Structure formats: structure tokens, C-alpha cells
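Visitor: Input: one structure, supplied below.
What follows draws every value from the coordinates through simple rules; no lab data is involved. Just so you know, these numbers come straight off a predicted model, no measurement behind them. Because the Cβ atoms are built from the backbone with ideal geometry, glycine has one as well, and the counts that use them run over all protein chains shown.
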Amino acid sequence: MICGVTNHGGPATKRSGRIAFWVLAGLCVLVAVVGLTIAASTARLFDVPSDSMANTIRPGDEIAVTDGTHVQRGDVIVEQQLSDVSAYVIRRVIGLPGDHVACCDGAGRITVNGLALNESYLYSRDGPSPFGKFAVTVPAGRLWLMGDHRSMALDSRQVGPLAVHVIGRVFVIFRRGHAIFVRTPRTFVTDGLAPGSERIPAALIGIVLSLAATFLFLMLIALGMIRLIIRRRRQTAGGTPSPGVADTPGAWQPGR
């Protein structure tokens, strides 16, 4: 009887495996680079020195802002005054052009188009408008903007509807090593003042793609190393001669 051994992969199989490995690794690197490029080109980082948006955004926080001028009620935005484009200001959008914004109703709440806001994001010791009442219809090209720390913020209550250049919407806050994602306050969604679906910024999609591609690349590297170790062990085992039947003392051999 002739005993055979199994071929665990010839040159063609090994070559195909290497090609597949490098193609997948190249794709992972490409996707990671594209993801980082998207994030870098569609988002900006800002340091926050003031407490006009506390406790939502505190002094010392870093914020990521997605580029774009399209905003909706409830958004926290970074903007520049048209009269002073050298300064960046963070405020929350309360009213859009055409909205009637007033303070306050019988329960002391700000209303937008007659709908009361339950502003859970306000600074804990602040009321909706410590500086008095107002009733304004926002003109075209302007926004009604307010800080969350109402007793400290300089906003539309003092200067009226603002004509601003919108830099973008804040979508994440970095605080002491933690990332806090900024969502549309529930009161705006419940009142029908903002859509219920969350907008996912392109920068966040880019970051997720980059992280996923990096993870897959590391997995490929790990699998490649494991496969290399197994192959070397097989080669080492195959190079050591095994004792045959003829080498066994006392065994019968033909011709004896």
C-alpha cells in the first residue's frame, strides 16, 4: 500500500492568497483615508472659552461642527456676526425667518408660533428669559438665537433677530475624554417645530468608515500572522523524517 500526504496548497494557491490579502488590505487603507478626508473636509473643531451655552457646552469643552448653512429650530450653531466676522459665537436656534417668538406664556415658557417650549437644556438656575418679555416676528434673512445660560448670554433678547453667517451645526462635544453627541431637543420635535429624524453629519460617517476600515485592516494583519505561523510549523514538522516500518527493529523486510 502506498501512503500519500495531502498538499496544503501549492504555489498557485499561495499566490492567490497573497493577492487576495493585499487587495483587501489596500481597500481597507483606501477606505480609511477616504473616511478621514471626508471628516476633515466637512467638520471643524472649536475650543469654547465662555459659559453662555452652559450646561450644554461648558468652558474648556471642544466642539465639532459640521459645515453647512442649513439649520433648523433647536440646533446649536457656530456663527459670525456680519458686523464682526473675526469672532465666532455659539447660540441655539429658537426661531427661523417668519416665526413668531414670544415670552412668556402663563407657565413662564417661551413660545414659537404659539407652541410652548419645555427647555430642559437651560442652565439649572436660569429661567427662560430673566431679562423680561418679548414678542417678535423674525424677519427674512435673520434668526432668533439664544444661549442656554440665559442670565449670562448676549443674544436676540437684547439685540433682536440676528443676521449672521452660519459656520455650521454642533454635532459632538468633547469633554474630559468623553464624546457627547448633540441631538435636537425633544420639545422641538414634540411640538412639530423640528423633524423627528436625526441628521447624521458626513463627518461622522467618514469617522465611522475610517474606524471600521482600520479595524478590518488590523484583523487582516492578525490573520496573516496566524497563517504564517501555522505554515512555518507545518514546514518544520515536514522536514523531520518520521521512522518508517523498515527502520523498526525486528520488522520483516522483503528479500530477507
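Visitor: Taking the Cα centre of each part, how many Å lie between segment 28-59 and segment 69-136?
Guide: Computed from Cα coordinates, the inter-centre distance equals 24 Å.
Visitor: Shifting gears a bit: Rounded to the nearest 500 deg cm²/dmol, what is the calculated helix-only ellipticity per residue at 222 nm for the chain, with -39500 (n - 2.57) per DSSP H run of length n ≥ 4?
Guide: -10500 deg cm²/dmol
Visitor: Apply the Kirkwood formula to segment 48-198: the hydrodynamic radius equals the inverse of the mean of 1/r over all pairs of different alpha-carbon atoms; give it in Å with one decimal.
Guide: 15.5 Å
Visitor: Further question: First measure r as the distance between the Cβ atoms of A140 and L228, then evaluate 1/(1 + (r/R0)^6) with R0 = 51 Å and state the FRET efficiency to the nearest 0.05.
Guide: Details: r = 67 Å, r/R0 = 1.31.
Efficiency computed from Cβ-Cβ geometry: 0.15.
Visitor: Taking the chain as the reference, fit the longest principal axis to its C-alpha atoms, fit the long axis of helix 202-238 to the helix C-alpha atoms, and give the angle between the two in degrees, 0 to 90, nearest 10.
Guide: Taking Cα atoms only, the helix is inclined about 10 degrees.
Visitor: I would also like to ask the following. What does the charge count around P97 come to, taking other residues whose C-beta lies under 12 Å from its C-beta (Lys +1, Arg +1, Asp -1, Glu -1)?
Guide: Net local charge, P97 excluded: +1.
Visitor: Also: Sorted by average packing, counted as other Cβ atoms within 10 angstrom per residue and highest first, what order do 156-166, 78-88 take?
Guide: Highest mean packing first, the order is 156-166, 78-88.
Visitor: From the C-alpha gyration tensor of the chain, pull out the three semi-axes of the equivalent ellipsoid (sqrt of 5λ each), sorted largest to smallest, in whole Å.
Guide: Each semi-axis is √(5λ); the values are 69, 18, 15 Å.
Visitor: Okay, moving on. Where in segment 103-143 are there trypsin sites (Lys or Arg not before Pro) that are in a DSSP coil and have at most 16 other Cβ atoms within 10 angstrom of their Cβ?
Guide: R125, K133
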